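**Q** Dropping the structure in here first, questions after.
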Amino acid sequence: MDIREVLNERILVLDGAMGTMIQRHTLTEEDFRKGWFEDHTSPLKGNNDLLSLTRPDIIEEIHRLYYEAGADIAETNTFSGTTIAQADYGLESAVYDINFHSAQIARKVADEFTAKEPNKPRFVAGSIGPTNRTASISPDVNDPGYRAVTFDDLVLAYTQQVEALMDGGVDLLLVETVFDTLNAKAALFAIDEVFEKRGVKIPIMVSGTITDASGRTLTGQTAEAFLISISHLPLLSVGFNCALGASMMRPYLQVLAKNAPFAVSAHPNAGLPNEFGKYDETADMMATQIKEFLDENLINIIGGCCGTTPDHIRAIATLAKNYKPRQIDLNY
């Protein structure tokens, strides 16, 4: 079933945090090397995308837990799946395998759940992170004109990732946690080129991140400016994720809901991190805040980011069942 058809019928639920769930496992360096990178010279622990290759059982279990909790859409374990991000580990050559196998793991679990509940099809979103470099800001305060990455570098890296995700069978692509819209534009340019080359198009979600109480992205854009900057393509949805908890995200979703011709998505953190970097908001606390999004009819897709678990997604999914989605024209 086409996801656009489902969006007309109900609010869709995105899964929660991958990293939070991985941290529940006591993993060693060997877990990140097993069967693939035994002789690699750099430390690999913490490079979570590699677990799709070395510990696919863990990633499969996480997808299964989120689908069981009520998620309609699972994100692939590929947030850092570009040559740019993997260069920190000297693993640029592993990028195709990371993305292809991550997509296949999620696809397998999604198909299992869809077969069991045909009236609730499960979808797979290829997660495309922002990379660890920014095309708009210099990393050197003494040289403001310097850039650590070019637009063309980003396009090449994103092209490789998108091709592998599509080969692995994703239903849609999610350009997420956008802190620099120029990076996102490179991703969208790469996606468009891949679509043209293949003669195939799949839906695209874009999700930015408001970095603090200023209400702007890291590169200084307001919510409305961000929307305008990425509206040149017929997106499935636009939204915000990460950085903020649900209560702080609400005013920016109001801007999108008022102005976006697309579906609106949100996957906030479970509050703000405490002094130990942990997230304290319980599932019920987060659901209470998200109820305000639903009461105001702001969203079409809702999920969780940092600190969220299947318990959070279950509470959100239970709540979302009682609401109609924000109305949009899906023929754009």
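The numbers here are math on the coordinates, done by the rules we state, and not lab data. Nothing here was measured: the structure is a model prediction, and the numbers come from that model. Cβ sites come from the backbone with ideal geometry, for glycine too, and all protein chains shown count toward neighbours.
**Q** Pairs K34/K201; K108/K324; K185/K258; K258/K324: which exceed 25 Å Cα-Cα?
**A** In this structure, K34/K201; K108/K324 exceed 25 Å between Cα atoms.
**Q** Next question, about the same structure. Over the Cα atoms of the chain, what radius of gyration and what Dmax do you get, in Å?
**A** Using the Cα atoms of the chain, the pair Rg, Dmax is 18.6, 58 Å.
**Q** Top mean-square fluctuation among I137, I302, I59, Gaussian network model of the chain, C-alpha springs under 10 Å?
**A** In the Gaussian network model the winner is I137.
**Q** Enumerate by residue number the chymotrypsin sites (Phe, Trp or Tyr not before Pro) in segment 125-183 meeting two conditions: DSSP loop (anything except H, G, I, E, B), and at most 16 other Cβ atoms within 10 Å of the site's Cβ.
**A** Loop-located and lightly packed - Y146.
**Q** Report relative contact order for the chain in percent, whole number only (criteria: Cα-Cα under 8 Å, sequence separation at least 6). Intermediate results must be reported in sequence, preceding the final value.
**A** On the way: 675 pairs, mean separation 65.4, N = 332.
Normalised by residue count, the contact order of the chain is 20 percent.
**Q** Please find the FRET efficiency linking S138 to E68, where r is the Cβ-Cβ separation and R0 is fixed at 56 Å, and quote it to the nearest 0.05.
**A** Calculated transfer efficiency: 0.80.
**Q** Of E176, E117, E60, which has the largest mean-square fluctuation in a 10 Å C-alpha GNM of the chain?
**A** E117
**Q** Answer with one residue from I191, Q86, H40: the one whose Cα lies farthest towards the positive end of the charge dipole of the chain, charges on Cβ with Lys, Arg +1 and Asp, Glu -1.
**A** Of I191, Q86, H40, it is I191.
**Q** Highest first, please rank the peptides 246-259, 304-317 by the mean number of other Cβ atoms sitting within 10 Å of their residues.
**A** So the order, starting with the most tightly packed, is 304-317, 246-259.
**Q** May I pose another question? What is the antiparallel percent of DSSP beta bridges lying wholly in the chain, to the nearest 5? Mind dumping the intermediate values first?
**A** Details: 1 of 27 bridges.
Restricted to the chain, the bridges split so that about 5 percent are antiparallel.
**Q** Shifting gears a bit: Top mean-square fluctuation among V178, V155, V13, Gaussian network model of the chain, C-alpha springs under 10 Å?
**A** Judging by the Gaussian network model, the answer is V155.
**Q** At a Förster distance of 56 Å, what's the computed FRET efficiency of E224 paired with D57, Cβ-Cβ distance as r, to 0.05?
**A** 0.80
**Q** Would you pull out the residues with amide H under 5 Å of S207's amide H, same chain only if 5 or more places away, H placed 1.01 Å from N?
**A** V175, E176, T177, V178, G239
**Q** Based on the Cβ-Cβ distance from K34 to T288, what FRET efficiency comes out when R0 is 51 Å, to the nearest 0.05?
**A** That pair, K34 with T288, gives E of 0.80.
**Q** Mind ordering 120-127, 2-9 by average Cβ neighbours within 10 Å, highest first?
**A** So the order, starting with the most tightly packed, is 120-127, 2-9.
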